[in-house]
1. Just checking, which of Leu55, Leu74, Leu102 is closer than 11 Å to Tyr16 by Cβ and surrounded by 15 or more Cβ atoms within 10 Å (Cβ to Cβ)?
2. Filter region 1-14 down to residues that are in a helix (DSSP H, G or I), touching a residue at least 12 places away in the same chain (Cβ under 8 Å) and surrounded by fewer than 13 Cβ atoms within 10 Å (Cβ to Cβ), then give me how many there are.
3. Please verify whether Leu38 is over 21 Å from Glu100 (Cβ atoms), open to solvent by 50 Å² or more (accessible area, probe 1.4 Å), free of Cβ contacts under 8 Å to residues at least 40 places away in the same chain and touching a helix residue (DSSP H, G or I) at 6+ places or on another chain (Cβ under 6 Å), treating the condition exactly as stated.
4. Scan region 15-29 and tell me whether some residue there is closer than 28 Å to Trp118 by Cα, out of contact with any helix residue (DSSP H, G or I) (no Cβ under 7 Å at 6 or more places or on another chain), aliphatic (A, V, I, L, M) and assigned to a helix (DSSP H, G or I).
5. In this structure, is Ile116 surrounded by 14 or more Cβ atoms within 10 Å (Cβ to Cβ), closer than 30 Å to Glu3 by Cβ and at pLDDT 95 or above?
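The values are calculated or read from the model by the stated rules, or taken from the named source; none is laboratory data. Not measured: the values here are computed from a predicted model. Every residue, glycine among them, receives a Cβ derived from its backbone with ideal geometry; neighbour counts consider all protein chains shown. Just so you know, the surface numbers come from the protein's heavy atoms only, side chains and all, with ligands and any DNA or RNA stripped out. Shrake-Rupley method; radii C 1.70, N 1.55, O 1.52, S 1.80 Å.
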Amino acid sequence: MSEISKLSLYFLRAMYLLIAAGLILTIWPEIIVPTQRLVNEDTVVQSLLGALALLAALGIRFPLKMLPILIFELIWKLIWVFGFALPTWLNHGLDNYTRETLFACLIGILLIPIVIPWRYVYNHYIKLRQATKPTT
């Protein structure tokens with residue numbers, strides 16, 4: 001852990017806290033006391049984001065071990081923005097919900113890459129895999 005500065009760890013913890021708190025305040029009330037007991041695509045999204053909130057909360061305690069959660073968060077937001085929101089905006093315009101979601105995703109797309117210790121990610125996820133590949 002000495003390869004990561006204390007400041008970087010604090011920034012990581014702050015990002016996990018931001019994600020966890022935001023999702024706990026917005027998603028978990030509907031999970032705990034739903035307005036309707038319907039099973040549809042919204043409940044799948046709520047379940048996924050509810051799990052993400054719990055894992056992000058775990059990231060506050062274990063910031064480096066939970067880095068894949070931040071990478072997942074960055075990737076899904078990039079996919080949604082470039083695959084869905086941007087084409088919709090260019091073709092039809094955005095409604096209020098989509099505009100608010102786009103704003104929240106863009107904040108994540110801007111902040112997450114700043115707090116991720118990319119050298120650590122490279123050394124512990126990419127380089128490590130290359131070194132352990134079997135030789136043929």
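1. Details: Leu74 fails: closer than 11 Å to Tyr16 by Cβ; Leu102 fails: closer than 11 Å to Tyr16 by Cβ.
Being closer than 11 Å to Tyr16 by Cβ and surrounded by 15 or more Cβ atoms within 10 Å (Cβ to Cβ) holds for just one of Leu55, Leu74, Leu102, which is Leu55.
2. Applying the first criterion (in a helix (DSSP H, G or I)) to region 1-14 yields 6-14.
Narrowing further to those that are touching a residue at least 12 places away in the same chain (Cβ under 8 Å): 8-9, 11-14.
Going one step further and asking which of them are surrounded by fewer than 13 Cβ atoms within 10 Å (Cβ to Cβ), we end up with none.
Here the count works out to 0.
3. Working: over 21 Å from Glu100 (Cβ atoms): yes; open to solvent by 50 Å² or more (accessible area, probe 1.4 Å): yes; free of Cβ contacts under 8 Å to residues at least 40 places away in the same chain: yes; touching a helix residue (DSSP H, G or I) at 6+ places or on another chain (Cβ under 6 Å): no.
Against the criterion (over 21 Å from Glu100 (Cβ atoms), open to solvent by 50 Å² or more (accessible area, probe 1.4 Å), free of Cβ contacts under 8 Å to residues at least 40 places away in the same chain and touching a helix residue (DSSP H, G or I) at 6+ places or on another chain (Cβ under 6 Å)), Leu38 does not qualify.
4. Filtering region 15-29 down to residues closer than 28 Å to Trp118 by Cα leaves 15-24.
Filter once more, keeping what is out of contact with any helix residue (DSSP H, G or I) (no Cβ under 7 Å at 6 or more places or on another chain): 18, 21-22.
Right, trim to aliphatic (A, V, I, L, M) and you get 18, 21.
From what is left, the residues that are assigned to a helix (DSSP H, G or I) are 18, 21.
Within region 15-29 (the criterion being closer than 28 Å to Trp118 by Cα, out of contact with any helix residue (DSSP H, G or I) (no Cβ under 7 Å at 6 or more places or on another chain), aliphatic (A, V, I, L, M) and assigned to a helix (DSSP H, G or I)), the answer is yes, since at least one residue qualifies.
5. Numbers: surrounded by 14 or more Cβ atoms within 10 Å (Cβ to Cβ): yes; closer than 30 Å to Glu3 by Cβ: yes; at pLDDT 95 or above: yes.
For Ile116, the condition - surrounded by 14 or more Cβ atoms within 10 Å (Cβ to Cβ), closer than 30 Å to Glu3 by Cβ and at pLDDT 95 or above - is met.
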